[in-house]
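I have placed the structure first, in the form of structure tokens, so that the comments after it can refer back to it.
Each reported figure results from applying straightforward, stated rules to the coordinates on display, with no laboratory input. This structure is a prediction, so every number in the text was calculated from the model and none was measured. Don't worry about glycine lacking a Cβ; one is built from the backbone with ideal geometry, like all the others, and counts go over all protein chains shown.
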Amino acid sequence: MKLKEIYSSNSPVISFEIFPPKADAQNYNDKINALFGELKILSKYNPAFISVTYGAGGSTRDKTLELVIKIKNELKLQPTPHFTCVGASKTEILEYIKEVENAGIENILALRGDPPKGQDYFVKPKDGFGYANELVEFIKANTNLGIAVAGYPEVHPEAESAKDDLINLKRKVDAGADIVITQVFFDNSYYFEFVEKAQKAGINVPIVPGILPITNIAQIERMVAMSGTKIPENLTNSLKKFENYPDAVKKLGIEFAIIQSKELLKNDVPGIHFYPLNKSFATDSVLKELNINSVLEN
Ligand code: FAD
């Protein structure tokens, strides 16, 4: 089903993001089997799609597509591959998106991507694209794929200002994006403000919040450093308190994500895109508490 149709439903849409195990990992097949075990657990929540992250170039790139096709064929879940402009010419992009479409995949998440390791800023590849809006336009012109794009409630780290970032988000929507999926955030007020400003700016597609149940302090510190996402002071203090108690950190992360998700659902979000980081336990624990249908009935 295309994204536009998925989000036309009145029920909140549940979706998950996963990442392919490292392509050169010796135990790659074991990792895939383990990942499929986790996805089987989460499939009881009827996810509308599973998005699969994309690493630039070579074997990782091929593995994303291979994994996407395996999810579709073996788990009968709808995969949505991510795709970035990093290191790709228009010819290569065309080849890739056609391959995606010919494999019966219906949607794609179109991104510019981060600058490759060792580069301070993004350099437009030769005969490629410099911004995601150009990629969206190209996908729209050459395929019938549904298109998701990324949005940043706390502003993209490279943006000149929040206003500029919103103008650039609108470029992606005007170029043909059907939905926006947000960067992870831990303070719902950023999301609510972002949606309000986006709507005022004429962005009228669903803006789907991205929620990550914290399970590990080191992992979250890395992510926060990369994305500029802020963690509310009360959560930071509690995490610090339980620094040496990994089980307590997981419990806290799950409880926090439940509170966050419940508030979002009460405010009629189009759905929630969860970041389970390839493990089902925390996201499963959150979803068990949400009772999505009853939230809808209220
Ligand atoms: P753009 O929308 O192109 O924006 C990049 C910057 O340029 C922003 O500061 C924007 O304000 C500015 N800008 C945009 N358009 C213009 C324009 N026309 N003129 C001038 N300035 C402009 N990365 C991966 O490598 N693989 C993944 O699988 C992946 N998945 C992601 C999924 C989600 C939901 C999110 C939120 C991010 C994901 N990322 C992924 C990270 C993403 O690649 C980075 O955040 C990247 O730096 C920006 O990508 P973008 O598509 O948002 O870029």
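Bin width 5 Å, origin at 0, all Cα-Cα pairs of the chain: what percent of pairs per bin?
For the chain, the binned pair fractions read 1, 5, 12, 16, 19, 18, 15, 9, 4, 1, 0 percent.
Sort 73-79, 142-148 by packing, meaning the average of other beta carbons within 10 Å per residue, with the highest value first. Kindly include the intermediate steps, with their values, before the conclusion.
Numbers: 73-79: 15.3, 142-148: 20.7.
Packing proxy ranking, top to bottom: 142-148, 73-79.
Between Glu193 and Glu255, 0.36 nm times their residue separation minus their Cα-Cα distance comes to what?
Working: separation 62, 0.36 × 62 = 22.32 nm, distance 2.34 nm.
Taking Glu193 through Glu255 to full extension adds about 20.0 nm, to one decimal.
Per residue of the stretch 84-98, what does 6.51 cos²θ - 1.76 cosθ + 1.60 with θ = phi - 60° give for ³J(HN,Hα)? Whole Hz please, x for Gly and Pro, Karplus curve as stated.
Once θ is set to phi - 60°, the couplings for the stretch 84-98 become 10, 7, 4, x, 10, 8, 4, 4, 5, 5, 4, 4, 5, 5, 5 Hz.
Starting at the first residue of the stretch 16-24, write each ³J(HN,Hα) from the Karplus equation 6.51 cos²θ - 1.76 cosθ + 1.60 with θ = phi - 60°, in whole Hz, x for Gly and Pro.
For the stretch 16-24, the Karplus curve yields 10, 10, 10, 10, x, x, 3, 4, 9 Hz.
Compute the length gained on full extension between Asn216 and Lys44: take 0.36 nm times their separation in residues and subtract their Cα-Cα distance, giving the result in nm to one decimal. Provide the component values of the computation, followed by the final result.
Values: separation 172, 0.36 × 172 = 61.92 nm, distance 2.47 nm.
Full extension of this stretch gives 59.4 nm more.
Residue-wise, which Karplus ³J(HN,Hα) couplings in Hz belong to the stretch 242-251, taking 6.51 cos²θ - 1.76 cosθ + 1.60, θ = phi - 60°, and x for glycine or proline?
Per residue, the Karplus-derived 3J(HN,Hα) values read 9, 2, 9, 10, x, 5, 5, 4, 4, 4 Hz.
Apply the a/c threshold of 1.5 to the C-alpha gyration tensor of the stretch 227-266 and tell me whether it is rounded, prolate or oblate. Kindly include the intermediate steps, with their values, before the conclusion.
Values: a/c = 2.46, a/b = 1.42, b/c = 1.73.
Note, shape of the stretch 227-266 comes out oblate.
Need one number: nm distance between label points at Glu66 and Gln119, each 7 Å from Cα along Cα→Cβ, rounded to one decimal.
Roughly 2.6 nm, to one decimal.
From the convex hull of the Cα coordinates of the stretch 170-264, what is the mean projected area in square nanometres?
Numbers: hull surface 26.2 nm².
Averaged projected hull area, Cα only: 6.6 nm².
Sorted by mean Cβ packing within 10 Å, highest first, what order do the peptides 235-248, 90-103, 260-273, 177-190 take? Show your work: numbers first, answer last.
On the way: 235-248: 12.8, 90-103: 15.8, 260-273: 18.8, 177-190: 20.9.
Order by mean packing, descending: 177-190, 260-273, 90-103, 235-248.
Given a Förster radius of 25 Å and the C-beta distance between Lys76 and Ala103 as r, what FRET efficiency does 1/(1 + (r/R0)^6) yield to the nearest 0.05?
Values: r = 14 Å, r/R0 = 0.58.
With a Förster radius of 25 Å, E is 0.95.
Once amide H atoms are built 1.01 Å from N in the peptide plane, which residues 5 or more positions from Asp187, or in another chain, come under 5 Å H to H?
none
For Lys44, which aspartates and glutamates qualify as cross-link partners when the Cα separation must be under 13 Å and same-chain residues fewer than eight apart are set aside?
Counting by Cα, and skipping residues close in sequence, Lys44 has these aspartates and glutamates nearby: Asp284.
Subtracting the Cα-Cα distance from 0.36 nm times the residue separation, let me have the gained length for Phe36 to Ala225 in nm, one decimal.
So the chain would gain 65.1 nm between Phe36 and Ala225.
For the chain, what does the helix formula give at 222 nm: sum of -39500 (n - 2.57) over DSSP H segments with n ≥ 4, over the residue count, nearest 500 deg cm²/dmol? Each step should come with its number before you reach the end.
On the way: 12 runs with 139 residues, N = 298.
About -14500 deg cm²/dmol.
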